[in-house]
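Working notes, structure below.
The values are calculated or read from the model by the stated rules, or taken from the named source; none is laboratory data. Note that this is a predicted model, so its numbers are computed, not measured. Here the Cβ positions follow ideal geometry from the backbone for every residue, glycine too, while neighbour counts run over all protein chains shown.
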Amino acid sequence: MKVFVTGASGFIGAAVVDELIASGHQVLGLARSRQSAKRIKEAGAEVIKGNLEDIESLKQGALQADGIIHTAFFHDFTQYDKAAVLDREAINAMGEVLINTTKPMVVTAGLLGLPLINGFVTEQSIAQYSLRFSEATALSLAERGVNASVVRLAPSVHDKNDKGFVPFIISLAAKNKLSAYPGDGTNQWPAIHRLDAAKLFRLALEKGNKGALYNGAGETGIEVKEIAALIGEKLNLPIGSLPEDEVGKHFEWMGNFIRFDNPTSTQQTQEALGWKPKHIGLLEDMRQNYF
C-alpha cells in the first residue's frame, strides 16, 4: 500500500514512516521544509512539499496514495484554537478526496479530557466538548462514507528526543525550582512509547474499521505526583503540591491539561487490531533518556 503520511518528519510521524516501510508499505511524506524533506527521503520515503495550510498539497497527497495517516499538528499550544481549526480543515480536505473510495484514513486525536466509564476512558468514551476537532471531524467523514478511523493518543508519547508535555513539565520544574503537581497528585495520565504508537497506527490502517476509535496507551495511568517525584529526584528539587489557584501560574498553558484524570483501557483496541504494547514505560524512559 502507498501511504500518505502527514507530519512524516515529526516525532510520531517519523516512527510511523519507519514502521510502514519495515512492514512493506511505500510512503509519501508531507514536508514543509527542506530539512523535513531530507529526513523523509533518508527514511526511504517519497516527498510531497506542503503543510497543513496548503490544502492543495494535502489533496494531491491523498489522491496519490492508497491510504492516509494524519499525524501532523500545529504544536503551538499558546495558539490552540488556531491549531484545532487548521487540523479540522486539513482532515476535511483529505477526507473529501476519499469519498466514494474504500481507502483508509487514520486520524490522530487525544485521550485527555475524555469521560470515564466505570473508572476508565474506554473506546466508548466520547468528549461532549473538545478543544481539538480531529476526532469529531473524522467521525463526521465516516458518516459520509469515508473509511476513516481514529487513534487517540495518551498525553505522553515518549521516547528519546521527546519535545512534548513531559519535557515541558521538567523545564517548568527547573525554572520554578519546584517539581510540582496539582492538589493531591493522584490524577492519572496514560502514556505510550513512540514505537508502540507507530505500530498501532499501522494496524489501524491495515485492519481498522470505518468510524472506529482506538485508544493508544501503553500504560493505563501514572499518577502525576509520581512524575513530579522522579523529576524532583533527578533535578535535586523539592517536590510539592499546588493549590488550585497556583496551578496556572506554575504550569502556564499546561495548567489546562495537568489536572485531567485519565486512566485508560485499551482492551478493545488490542482485541480488535491484535496490538500489544511492548516497550518500556514512561517513568523508566524518563530515567534513561530525559535528564
Practice item. Look through 42, 53 and report the one residue that is over 18 Å from the mean Cα position of the chain (by Cα), modelled with pLDDT under 95, charged (D, E, K, R) and surrounded by fewer than 16 Cβ atoms within 10 Å (Cβ to Cβ). Key: 53
Exercise for review: Sort out which residues of region 200-214 are on the phi < 0 side of the Ramachandran plot and touching a helix residue (DSSP H, G or I) at 6+ places or on another chain (Cβ under 6 Å), and write them in order of number.
Suggested key: 201, 202, 203, 207, 210, 214
Check your understanding: If you go through region 155-172, how many residues are in contact (Cβ under 8 Å) with a residue 60 or more places away in the chain and not in a loop (DSSP other than H, G, I, E, B)?
Key -> 10
Practice item. State whether the residues of region 74-82 include one that is in contact (Cβ under 8 Å) with a residue 60 or more places away in the chain, more than 19 Å from residue 9 (Cα to Cα) and of a type in the set (A, V, I, L, M, F, W, C). Key: yes
Point to revise | Single residue of 96, 89 found to be more than 22 Å from the chain's Cα centre (by Cα), in a helix (DSSP H, G or I) and within 20 Å of residue 133 (Cβ to Cβ) | key: 96
Study note, to complete from the structure: Those residues of region 242-254 which are in a helix (DSSP H, G or I) and more than 19 Å from residue 154 (Cβ to Cβ) amount to 244, 245, 246, 247, 248, 249, 250, 252
Point to revise | From 132, 152, residue being basic (Lys, Arg) and either in contact with a Leu (Cβ under 6 Å, 6 or more places away or on another chain) or part of a helix (DSSP H, G or I) (or both) | key: 152
Exercise for review: Quick one: in region 235-273, of everything that is touching a helix residue (DSSP H, G or I) at 6+ places or on another chain (Cβ under 7 Å) and aliphatic (A, V, I, L, M), which residue is surrounded by the most Cβ atoms within 10 Å (Cβ to Cβ)?
Suggested key: 258
Study note, to complete from the structure: Apart from one, (1) farther than 24 Å from residue 200 by Cα; (2) at pLDDT 95 or above; (3) assigned to a loop (DSSP other than H, G, I, E, B) all hold for residue 125; the odd one out is (1)
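Per-residue answers, yes or no, for (1) out of contact with any Phe, Trp or Tyr (no Cβ under 9 Å at 6 or more places or on another chain); (2) in contact (Cβ under 8 Å) with a residue 12 or more places away in the chain; (3) outside any strand (DSSP E or B):
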site: 220; (1), (2), (3): no, yes, no
site: 228; (1), (2), (3): no, yes, yes
site: 237; (1), (2), (3): yes, yes, yes
site: 240; (1), (2), (3): no, yes, no
site: 262; (1), (2), (3): no, yes, yes
site: 271; (1), (2), (3): yes, no, yes
site: 277; (1), (2), (3): yes, yes, yes
site: 283; (1), (2), (3): yes, yes, yes
site: 291; (1), (2), (3): yes, yes, yes
Check your understanding: Which one is modelled with the lowest pLDDT among residues in region 92-115 that are of a type in the set (A, V, I, L, M, F, W, C) and more than 15 Å from residue 211 (Cβ to Cβ)?
Key -> 112
Exercise for review: Identify the residue in region 156-169 that is of a type outside the set (Asp, Glu) and touching a Lys or Arg at 6+ places or on another chain (Cβ under 8 Å) and, among all such residues, is surrounded by the most Cβ atoms within 10 Å (Cβ to Cβ).
Suggested key: 158
